[in-house]
Amino acid sequence: MTAPLFSIIIPVFNKQKELPLCLRSLKVSELPIEIILVDDGSTDELSAWTAEQIEQQVGTNSQLKLLRHSSNLGTYAARATGIVAATGAYLVFLDADDTLAPHALSTIASKIDQHASDLLLTDWLYCDVTATQSSRVSRSLPAAWSKEPTDALALYCKVTPLNLGIGGKVIKTAVAQKAVAAIGSLARPLTRFEDQLLVLVCATLADKACYIPEPLYHYHHNPDSERDPARVLNNYEQCLFALDRASSVGEELLPQGAISTARYERLQHRLAQLAAINDYAIRNFPLARKSKGLSYLQAVWRGCQSKQSMKPWIALLLLLLSLGIVRK
């Protein structure tokens with residue numbers, strides 16, 4: 001059987017209610033695809049689902065691989081299992097409670113035909129799963145970056161902080177498999193932001209990347225989950241830990257000749273920027289939440305606006321410039 005163009009990797013843990021919507025979003029694809037569902041030790045009804053039951057939900061164009069962990073090892077371990085098992089030329093990553101736009105795969109395939117890049121990035125559609133059911137598009141990059149492929153790490157370094165996760169990223173399988181081998185056990189303690197670690201390492205190892213300015217990834221978001229101060233503090237700590245792990249991977253790849261010195265320095269610069277943004281968000285979170293009940297992600301902008309009489313992007317730029325001088 002001919003290898004498919006795409007392997008869709010879906011890590012899942014206790015998402016029996018949400019998973020059918022995710023799978024239905026893939027059913028409309030006319031392209032032959034490989035769906036790799038990695039059950040990370042679920043304890044709900046999903047643990048009893050058979051491959052035949054799942055195949056009924058994904059359509060006839062799909063090859064299904066149902067892989068199971070005997071215990072809950074975490075999202076990164078589940079993705080890594082899927083990456084190693086993949087046979088498609090490119091990997092598409094999808095969380096079990098998110099969806100793809102109906103034309104997502106055909107649009108990405110067309111872009112690959114035009115430019116055979118190692119990494120492709122798309123915009124996100126943030127879908128509020130609370131009673132309002134509102135949605136908004138989150139642009140990953142300015143539209144001008146969609147014209148020609150460019151250096152993968154340089155492009156990823158310009159992605160808006162809200163879209164740094166694995167959603168909306170399509171990665172050449174060979175690159176992702178090298179990244180998993182390079183990361184090894186470094187991701188094991190992470191419970192959040194492990195996807196940023198993976199994408200950072202993939203972008204460092206990749207050659208060319210291109211941008212598709214369309215919201216092909218639909219992120220089903222519950223803003224209430226980010227308003228818990230304890231969760232916000234955990235986000236802060238996990239983000240810094242993920243950045244530290246990415247730095248460690250870069251330090252190991254450099255002497256191996258897997259990346260150039262210039263690429264290593266660009267990675268370190270981006271890590272310092274992300275750490276600065278995270279520091280700024282955590283400092284402004286209490287202020288923003290106090291006035292508007294805002295989420296952690298919104299705290300960067302509203303907190304800045306309340307604290308300083310200047311445009312949020314200007315204050316954030318000044319902060320990055322100042323910290324970039326004194327940080328590695």
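The values are calculated or read from the model by the stated rules, or taken from the named source; none is laboratory data. Note that the structure is a prediction, hence the values are computed from the model and not measured. Cβ placement follows ideal geometry from the backbone for every residue including glycine, while neighbour counts extend to all protein chains displayed.
Tabulated results
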read-out: The range 134-153: number of residues that are surrounded by 14 or more Cβ atoms within 10 Å (Cβ to Cβ) and not hydroxyl-bearing (Ser, Thr, Tyr); value: 7
read-out: Spans of strands (runs of 3 or more DSSP E) in the range 105-199 with at least 3 residues modelled with pLDDT of 85 or more, in the same structural domain as Ile10 (by TED's automatic domain parsing) and not hydrophobic (A, V, I, L, M, F, W, C); value: 119-128
read-out: Wholly within the range 1-103, helices (runs of 4 or more DSSP H) carrying at least 1 residues that are touching an Asp or Glu at 6+ places or on another chain (Cβ under 8 Å) and hydroxyl-bearing (Ser, Thr, Tyr); value: 75-85
read-out: Count of residues meeting criterion [surrounded by 14 or more Cβ atoms within 10 Å (Cβ to Cβ), of a type in the set (Gly, Ala, Ser) and either more than 16 Å from Tyr156 (Cβ to Cβ) or modelled with pLDDT of 90 or more (or both)] in the range 249-274; value: 2
read-out: Residues within the range 164-223 that are crowded, with 17+ Cβ neighbours inside 10 Å, hydroxyl-bearing (Ser, Thr, Tyr) and without any contact (Cβ under 8 Å) to a residue 40 or more places away in the chain, tallied; value: 0
read-out: Output for the range 3-34, where each listed residue is among the β-branched types (Val, Ile, Thr) and either outside the structural domain of Leu67 (by TED's automatic domain parsing) or within 13 Å of Thr99 (Cα to Cα) (or both); value: Ile8, Ile9, Ile10, Val28
read-out: Unmet requirement for Pro161, which otherwise passes all of (1) under 16 Å from Phe93 (Cα atoms); (2) touching a helix residue (DSSP H, G or I) at 6+ places or on another chain (Cβ under 6 Å); value: (1)
read-out: Qualifying residue in the range 20-32 (condition: free of Cβ contacts under 8 Å to residues at least 12 places away in the same chain and crowded, with 16+ Cβ neighbours inside 10 Å); value: no
